[in-house]
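Right, one structure below, let's go through it.
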There are 2 protein chains.
Amino acid sequence: VRLIDQRALPGELRFVECRTVDELCEAITSMAVRGAPALGAAGAFGVALAARTIADDDGVQAAARRLAAARPTAVNLAWGVDRALGAWEQGGPDNALAEAERVASDDVAANRVLGGFGAELVPDGGRVLTHCNAGSLATVGYGTALGVIRAAHEAGKRPHVWAGETRPVLQGARLTAWELERLGIPVTVIADVMAGSLMATGDVDVVMVGADRIAANGDVANKIGTYPLAVLAREHDVPFVVAAPTSTIDLGAPTGAVIPVEERPDDEVVSIAGERIAPEGVGAANRAFDVTPARLVTAIVTEHGVLRPPYEDALRAAVMRA
Amino acid sequence: VRLIDQRALPGELRFVECRTVDELCEAITSMAVRGAPALGAAGAFGVALAARTIADDDGVQAAARRLAAARPTAVNLAWGVDRALGAWEQGGPDNALAEAERVASDDVAANRVLGGFGAELVPDGGRVLTHCNAGSLATVGYGTALGVIRAAHEAGKRPHVWAGETRPVLQGARLTAWELERLGIPVTVIADVMAGSLMATGDVDVVMVGADRIAANGDVANKIGTYPLAVLAREHDVPFVVAAPTSTIDLGAPTGAVIPVEERPDDEVVSIAGERIAPEGVGAANRAFDVTPARLVTAIVTEHGVLRPPYEDALRAAVMRA
């Protein structure tokens, strides 16, 4: 399994080759590959890899469980693993690989379709605030929140993007800025803390983010810092829009309260690029995600259309069509 | 004028010696010295320095104007300059120096008194979220928001501090963590974006911040990222408290709308510790402050007591007593 090493961007476009499931688990845990839909594909290809490289069936099952548990919050990872595992059980290693390839191509197709739906929510010349990276890198291609922005750009709407840098791992400053720059879409990086000021001065027309898991009631788990943006958006009557394929919807989670929130090593906070910023001996807390309640979500853009509140029936219907 | 170089902390405790007004202006602009009350003292000592080193009166006046304009948002800078300049006009260089020394000692005294008042607002075992650095370093000594926390600690209330790292310049992770660690007050650093999640899970009892300028109606200009904390605090019924000496109150500013917000070089955002984090060619916006409307402020702690809304009369009375 060959992946772009997202830790090295934007400085270097480098690849990681994973020849074993353990190597892939390490790539997932260390965030060489990240982004909910990208993790779905990584999980599916991981099962295909396990099916090829592990002789006994129990070993493949165990490898699948390890993959699914490598990161807890994005539901797509377990979903991708399950799809490929089901295919393997029915048709062996080749079938698992074929299914992984379908997971990947389905994701690109879904992103393109949802991008088209979402573009309608971006006004002409709209200033779009996004958080973290929900672009090509976070998916198999095209992107979710950035897919919407790309589609708006391709439709001639001339969006301008405020990219929250997204501490601690800086996916916004590093990855979103890199993608948009390559696409020729105007982007300005901001420290995450500047979002409130920008909304207060009327400089944000819409907040557009991806999702790691959407509960059955419409609560949205996404990168830490998403929830404050939703609260600020409500305060300023700015639409807060979530763009995600139906693979991100978890009907098994009734509300966001049951979504596991990963806590990551505090080193991501107290050090930047290997340089310690906080004094020695001082620790950090590092929740990687937060949960935005459905009542703050203006719309959820999926490949089956733009969903509006109340979300329960709309989400169920979208999953049924998938 | 001898200053702690706040840019070098926590790695190194280093001093800057300013032998000319230009050197001091540079130290202020580059944030070797920062924090509203500390800037007030720096401005006053700067005038004393000008009075000693510049022969003609017009030159001293011009130097004072340069000092006052070195950074626009914190009103204390111009206030400190004005105090020392008035003293110089009345009694020459020695009088300017004596006044600068009074500005400094008054600030320490005011901080100790306001710390005592503010400690009443910190519950026993309270988890206090603070932003940026409003400690000894930001003042002449003791601190404003951190002064309140210190006073609560000295009163045996065992506060625990969440220190928002405060991008882009990381005053929270670097300076607040350093001060609290030295004082033996438990502190945990967080990426600023985690504040919303912490409030949502009930882990914040009070938000305690300093101020760079308080308008006559109680609007508060403070480090960028303060306003989002105030909005989140209101959302979660968490008290949002501002601690500041009366030198921070600007009765000449009717509301926060007239307070100038400094925009700083985008390099502070796109680079960290000299390392570029965003792709080459991508710019950033970098407002250094935001304005929190008075309606979101639960209390303003001054050396003349704890002010409660409506603030207009209370602020005027506090300034009159000063």
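The values are calculated or read from the model by the stated rules, or taken from the named source; none is laboratory data. Because the structure is a prediction, the values reported are computed rather than measured. Backbone-built Cβ (ideal geometry, glycine too); neighbour counts: all protein chains shown. With ligands, DNA and RNA removed, areas are computed over all heavy atoms of the protein, side chains included. Shrake-Rupley method; radii C 1.70, N 1.55, O 1.52, S 1.80 Å.
Listed values, structure above:
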{"read-out": "Amide H within-cut-off set for B:Val189, under 5 Å, with H built and near neighbours excluded", "value": "A:Gly283, A:Ala284, A:Ala285, B:Ala163"}
{"read-out": "Prolate/oblate/rounded label for the stretch B:171-277 (Cα gyration tensor, a/c 1.5)", "value": "oblate"}
{"read-out": "Beta bridge orientation in the protein assembly as shown: antiparallel %, DSSP, nearest 5", "value": "45"}
{"read-out": "Cut-off 12 Å between beta-carbons: net charge of the residues surrounding A:Ala163, Lys and Arg +1, Asp and Glu -1", "value": "-2"}
{"read-out": "Dipole in debye (nearest 20) - chain B, about Cα centre, beta carbon charges: Lys, Arg +1; Asp, Glu -1", "value": "520"}
{"read-out": "The protein assembly as shown, Rg to Rh (Cα coordinates; Rh as Kirkwood inverse mean 1/r)", "value": "1.03"}
{"read-out": "Percentage relative contact order, chain B, counting C-alpha pairs under 8 Å, at least six apart", "value": "16"}
{"read-out": "Straight-distance crosslink candidates among aspartates and glutamates, where the alpha carbon sits under 19 Å from A:Lys157 and sequence neighbours closer than 8 are dropped", "value": "A:Glu120, A:Asp124, A:Glu179, A:Glu181, A:Asp203, A:Asp205"}
{"read-out": "Shape call, the stretch A:22-82: gyration tensor on alpha carbons, a/c limit 1.5", "value": "prolate"}
{"read-out": "Selection from B:Pro260, B:Thr139, B:Trp88 lying farthest towards where the dipole of the protein assembly as shown points positive, charges on Cβ", "value": "B:Pro260"}
{"read-out": "Cβ-vector label at 7 Å, B:Ala55, separations to other copies in nm", "value": "9.6"}
{"read-out": "Cα gyration tensor shape for the stretch A:122-219, rounded if a/c is under 1.5, else prolate or oblate", "value": "rounded"}
{"read-out": "Between the stretch A:226-284 and the stretch B:212-269, the Cα center-to-center distance that results, in Å", "value": "25"}
{"read-out": "A versus B: buried accessible surface, summed, Å² (probe 1.4 Å, to nearest 100)", "value": "3800"}
{"read-out": "Relative contact order for the stretch B:67-199, counting Cα pairs under 8 Å that sit 6 or more residues apart, in percent", "value": "19"}
{"read-out": "Most mobile of A:Pro186, A:Pro293, A:Pro279 in a GNM of chain A (Cα contacts under 10 Å)", "value": "A:Pro279"}
{"read-out": "Neighbour cut-off at most 14 other Cβ (10 Å), DSSP loop, trypsin sites (Lys or Arg not before Pro), the stretch B:1-73", "value": "B:Arg14, B:Arg19"}
{"read-out": "Interchain or long-range residues, amide H under 5 Å from B:Ile272's placed H", "value": "B:Ile277"}
{"read-out": "Percent antiparallel among DSSP beta bridges (both partners in chain B, rounded to 5)", "value": "45"}
{"read-out": "Spin-label pair A:Ser30/A:Arg65, simplified geometry with 7 Å Cα→Cβ offset, distance in nm", "value": "2.6"}
{"read-out": "Estimated vicinal HN-Hα couplings, Hz - the stretch B:53-60 in sequence order (Karplus 6.51, -1.76, 1.60; Gly, Pro = x)", "value": "9, 10, 6, 8, 4, 4, x, 5"}
{"read-out": "Net charge, A:Ala64 excluded, C-beta distance under 15 Å - Lys, Arg +1, Asp, Glu -1", "value": "-2"}
{"read-out": "Summed residue charge, Cβ within 13 Å of A:Glu99's Cβ, Lys/Arg positive, Asp/Glu negative", "value": "-4"}
{"read-out": "Reach of A:Lys223 by Cα under 23 Å, taken over lysines that are not fewer than 8 positions away in the same chain", "value": "none"}
{"read-out": "Label point 7 Å beyond Cα along the C-beta direction, distances from B:Pro309 to other copies (nm, shortest first)", "value": "2.3"}
{"read-out": "Among A:Val16, A:Val103, A:Val241, residue whose mean-square fluctuation peaks in a GNM of chain A (springs only between Cα atoms under 10 Å)", "value": "A:Val16"}
{"read-out": "Residue-by-residue Karplus 3J(HN,Hα) for the stretch A:260-272, coefficients 6.51, -1.76, 1.60, Hz, glycine and proline x", "value": "x, 9, 5, 9, 9, x, 6, 4, 4, 8, 7, 10, 10"}
{"read-out": "Virtual spin-label span in nm between A:Ala273 and A:Ser105, 7 Å along Cα→Cβ", "value": "4.1"}
{"read-out": "Separation of the B:Thr53 and A:Arg2 label points, Cα + 7 Å toward Cβ, nm", "value": "6.2"}
